[in-house]
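Engineer: Pasting in a structure now, in structure tokens, and then I'll have a few things to ask.
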């Protein structure tokens, strides 16, 4: 009990120390010009182990603390990071990376003398091999193309010396460099993983622009500037900020008041604040907030859609009218996406009137991929073609969704009813919907897909016939041999213009076969105080703080 009380006192002392040294608005901060970037994360953070960083909240935190071989810029181009250069073998199966020699792990008690050591290629071998451990890793499926056969000595990753790291693939994958930008592939020191064990998730040790200081779960996470960070802006060492604090207030009204009061520098996401209060009908800031904030909007690699199970080997499909392509196309024509985005999303996002690949990807071109617009005449023609003139004898169709999308699906239901297509809405809990969709138990369901990496392959693999759910992510069980041929071809193609053309062909096939009903391409939205500079956005919705500057307000 005495030990427990001492621990509590120690935590309180640490929190008071942090509050006195890094809290925005403290007179001492103004005195020595220290700058702290503060933001709120409603969903909380579950851990800061890169191997398990599979949601936006965790990825944002991990991105401040860790680095990988390569990184994405805001235009989604792969750029050097710890690897200063690389080359790919002619057969596309071997990737060789040459590492920088000036990258050090953060100082931490896991190291001898508490001093962080230099990163070597062996660290990447250990970090990547750790991703095979399903107990800590969410990236196991991404390693299926790594060649650990006799051909490579049963080693998918090797280090030929301290600065050379080599990866071997079974099959060429033109998107592989993009895959490596995912935070899973960050380098970690084996000393930290061994020292902290299962508690490594809350004791992160990386190479990133910020280093771990304090985490009071459910309350606050504090990161401090890494004074030894290896990246420069040309002449000045990054980052500019002295610290980052992340709060975990779940109530959006409370969080918005804290933003207004200056405690937070940014709120991110349409769910983080009341968009009906803050935005006007066009999706712009209301006049009273124009002087306080900058509204950031950015294409997001996310497509919201209705999925349709089309595998006629499944009993529920055999009995469903949705097995008829003409009916699936009629549903696509049967509601107004423009109105839906305008009235139910305050124009956040874009109506999905092209294909499944979202606005923001290099191949996106609505002039080439022709999608669906609201067209009652087309609906009538297609219902006749499907054998249900004016909806006669057409059974009611059940659409499965969650509470978050009820208003949108009710709008779709209403407009389809006007066009003689009756839809019943079933509201499920998110976990129930996910499990049922993966198990192919629903004919029609609301889903969204967020790009894990910046290549269209990440969207197209949802429709490759070898990826049928529940093993893969082909939830519709779409199968088209021509699509599969193009998909396998694009995996090997390195020329971006050729890849664009192949992806556009594949996307048009999806539209024509209609295993999906694209709804809208989402947008990133942030409210940012005007004294925050250099906070950029990108279609991956990755939070980059290493270039951010904060101008101290006179009233601070």
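The values are calculated or read from the model by the stated rules, or taken from the named source; none is laboratory data. The model shown is predicted, which means the values in this text are computed figures rather than measured ones. For neighbour counting, all protein chains shown are included, and Cβ atoms are generated from backbone atoms with ideal geometry for every residue, glycine included.
Engineer: Say whether the condition of being in a loop (DSSP other than H, G, I, E, B), assigned by TED's automatic domain parsing to the domain that holds residue 363 and crowded, with 18+ Cβ neighbours inside 10 Å is met by at least one residue in segment 506-514.
Structural biologist: Within segment 506-514 (the criterion being in a loop (DSSP other than H, G, I, E, B), assigned by TED's automatic domain parsing to the domain that holds residue 363 and crowded, with 18+ Cβ neighbours inside 10 Å), the answer is yes, since at least one residue qualifies.
Engineer: Quick check on segment 309-322. Is at least one of its residues at pLDDT 95 or above, surrounded by 22 or more Cβ atoms within 10 Å (Cβ to Cβ) and either within 21 Å of residue 404 (Cβ to Cβ) or within 20 Å of the chain's Cα centre (by Cα) (or both)?
Structural biologist: No, because not a single residue in segment 309-322 is at pLDDT 95 or above, surrounded by 22 or more Cβ atoms within 10 Å (Cβ to Cβ) and either within 21 Å of residue 404 (Cβ to Cβ) or within 20 Å of the chain's Cα centre (by Cα) (or both).
Engineer: Need the failing condition index for residue 441 against (1) over 26 Å from residue 139 (Cβ atoms); (2) buried (at least 19 other Cβ atoms within 10 Å of the Cβ); (3) touching a residue at least 60 places away in the same chain (Cβ under 8 Å), just the number.
Structural biologist: All conditions are met except number (2).
Engineer: Can you tell me which residue is surrounded by the most Cβ atoms within 10 Å (Cβ to Cβ) among those in segment 451-465 that are out of contact with any helix residue (DSSP H, G or I) (no Cβ under 7 Å at 6 or more places or on another chain) and closer than 20 Å to residue 308 by Cβ?
Structural biologist: Filtering first and then ranking leaves 459.
Engineer: Next question, about the same structure. If a residue must be touching a strand residue (DSSP E or B) at 6+ places or on another chain (Cβ under 9 Å) and modelled with pLDDT under 95, how many such residues does segment 474-497 contain?
Structural biologist: 1
Engineer: Another question about this same structure. Name the helices (runs of 4 or more DSSP H) wholly inside segment 23-141 in which the number of residues that are within 27 Å of the chain's Cα centre (by Cα) is 2 or more.
Structural biologist: Those helices (runs of 4 or more DSSP H) span 56-65, 121-130.
Engineer: Mind telling me which of the residues 318, 339 ends up being out of contact with any helix residue (DSSP H, G or I) (no Cβ under 7 Å at 6 or more places or on another chain) and free of Cβ contacts under 8 Å to residues at least 12 places away in the same chain?
Structural biologist: When all the criteria are applied, what remains is 318.
For every residue, the table says whether it meets (1) touching a helix residue (DSSP H, G or I) at 6+ places or on another chain (Cβ under 7 Å); (2) touching a residue at least 24 places away in the same chain (Cβ under 8 Å); (3) at negative phi.
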position	(1), (2), (3)
160	no, yes, yes
188	yes, yes, yes
198	no, no, yes
202	no, yes, yes
216	yes, yes, yes
228	no, yes, yes
239	no, yes, yes
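To keep it simple, each residue is scored yes or no on (1) part of a loop (DSSP other than H, G, I, E, B); (2) in contact with a strand residue (DSSP E or B) (Cβ under 6 Å, 6 or more places away or on another chain); (3) within 28 Å of residue 319 (Cα to Cα).
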| position | (1), (2), (3) |
| --- | --- |
| 338 | no, yes, no |
| 342 | no, no, no |
| 363 | yes, no, no |
| 367 | yes, no, no |
| 370 | yes, no, no |
| 383 | no, no, yes |
| 405 | no, yes, yes |
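Engineer: Please specify each residue of segment 388-432 satisfying the condition of being more than 28 Å from residue 373 (Cβ to Cβ) and surrounded by 18 or more Cβ atoms within 10 Å (Cβ to Cβ).
Structural biologist: Of everything in segment 388-432, just one residue is more than 28 Å from residue 373 (Cβ to Cβ) and surrounded by 18 or more Cβ atoms within 10 Å (Cβ to Cβ), namely 428.
Engineer: Please find, among 145, 108, 129, the residue that is surrounded by 13 or more Cβ atoms within 10 Å (Cβ to Cβ), without any contact (Cβ under 8 Å) to a residue 40 or more places away in the chain and more than 27 Å from residue 539 (Cα to Cα).
Structural biologist: 129
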